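Each remark here refers to the structure printed beneath this line.
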Amino acid sequence: MERLAGFINFMSEIQKPINSAMYYTGRASKAGSPAAGINTSPERLAESVRHIMEEHLEPMMRKNDSVMENLQRILPEELKEHCAVQQITNGQLKIKVDSSACLFSAQLSSNQLLEQLQQDCPRAGIRQVRFVLV
């Protein structure tokens, strides 16, 4: 169920890039007409996918990788095995924690984590760190 929720979240994250790619490749409908003039050739589809990957998904993945790497570096040693990034959306970093004791400890250090991540990963735009018990 968690994987499905993650996939749904991922799809909502890439909806804007998909719309952008459709506009970029001329696949968006014009003046409210239902899908007028859509070119569905494999070449056009490949161009759309390439545009989404290069312009939207790769930068987002690089940004998220940077956050994950830095998080593992700055987490207190006793929390590293118990915490993992769940998702990053709209400036909120959700970190899943596997025990209530670790959750409490993580929440105590959340302000320092946020400050350090904002300093080390400014392009990620993280404004809030939230811990979730799983």
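Figures for the structure shown
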| read-out | value |
| --- | --- |
| Integer Hz, Karplus 6.51/-1.76/1.60 couplings in order for segment 102-113, x for Gly and Pro | 5, 4, 4, 4, 5, 5, 5, 9, 5, 5, 5, 4 |
| Cut-off under 5 Å, modelled amide H: who pairs with Val97 long-range | Val132, Leu133, Val134 |
| Where the Cα pairs of segment 52-134 fall when distances are cut into 5 Å bins, in % | 3, 15, 28, 26, 15, 8, 4, 2, 0 |
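Every number here is computed from the coordinates shown, using simple stated rules; none is lab data. Source: prediction; values computed, not measured.
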